[in-house]
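Chemist: Okay, here's the structure, questions in a sec.
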Amino acid sequence: MYSNNLICDILEYINKNIYKEINITLLSNLFYYDKTYIMKKFKKEIGLSIFDYINRVKVFKSLSDYKYDNYVLSIALDHGFNSIEYYSETFKKVVGINPKKYKYFLNRSKYINDKEIDIVIKNLNDLVSLDTFINRYLERRKPKEKMVKVLGIKKIK
């Protein structure tokens, strides 16, 4: 079974432009579909709203920066968040703890308890699973040659 081409196009656009501002009006204009249709179709295919997906990808990409950078503000700004407050709030929703506690987690500090460690590990596994799911979803996209054949379009040389 093939993946939905519209959703593949949207995923590819989001992944290429993850640090730019992306909103539903922009996606609607880019792909010539109604906003509501795009939101419902994305949610149905991916299991997340477009904005939940974007936030999860941004936070996931930001995690590796904690090895090199101690400044949460610079990490937030580098990953397309406009404020440290919004980043911290989103980070906590996605990872299960705030960025400061995540630094403790990475350093195996005594300031993070076993329950928090379990939550972080579960949420990190969920992020990896989402990444794997998206990659597999994109791999199942109908090849362009088959689309041309199905639509009856002659190849232009």
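Rule-based calculations on the coordinates, nothing more; no lab input. Nothing here was measured: the structure is a model prediction, and the numbers come from that model. Methodologically, a virtual Cβ is constructed for each residue, glycine included, from the backbone with ideal geometry; neighbour enumeration extends over all protein chains shown.
Chemist: Looking only at the range 31-47, decide whether some residue is of a type in the set (Ser, Thr, Tyr) and within 18 Å of the chain's Cα centre (by Cα).
Modeler: Looking through the range 31-47, none of the residues is of a type in the set (Ser, Thr, Tyr) and within 18 Å of the chain's Cα centre (by Cα).
Chemist: Quick check: is even one residue across the range 69-78 of a type in the set (Ser, Thr, Tyr) and out of contact with any Leu (no Cβ under 8 Å at 6 or more places or on another chain)?
Modeler: Yes, the conditions are met somewhere in the range 69-78.
Chemist: Continuing with this model, one more query. Filter the range 90-107 down to residues that are part of a loop (DSSP other than H, G, I, E, B) and touching a helix residue (DSSP H, G or I) at 6+ places or on another chain (Cβ under 9 Å) and give me whichever is nearest to Ala76 (Cα to Cα).
Modeler: Asn98
Chemist: Taking helices (runs of 4 or more DSSP H) that fall entirely within the range 34-89, which contain at least 2 residues that are of a type in the set (Lys, Arg) and either surrounded by fewer than 16 Cβ atoms within 10 Å (Cβ to Cβ) or touching a residue at least 12 places away in the same chain (Cβ under 8 Å) (or both)?
Modeler: Values: elements: 35-46, 50-62, 72-78.
Helices (runs of 4 or more DSSP H) meeting the threshold: 35-46, 50-62.
Chemist: Tally the residues that are assigned to a helix (DSSP H, G or I) and touching a residue at least 40 places away in the same chain (Cβ under 8 Å), restricting the search to the range 1-22.
Modeler: 8
Chemist: Just to verify a result, which residue in the range 23-33, among those that are touching a residue at least 24 places away in the same chain (Cβ under 8 Å) and not in a loop (DSSP other than H, G, I, E, B), is farthest from Asn125 (Cα to Cα)?
Modeler: Phe31
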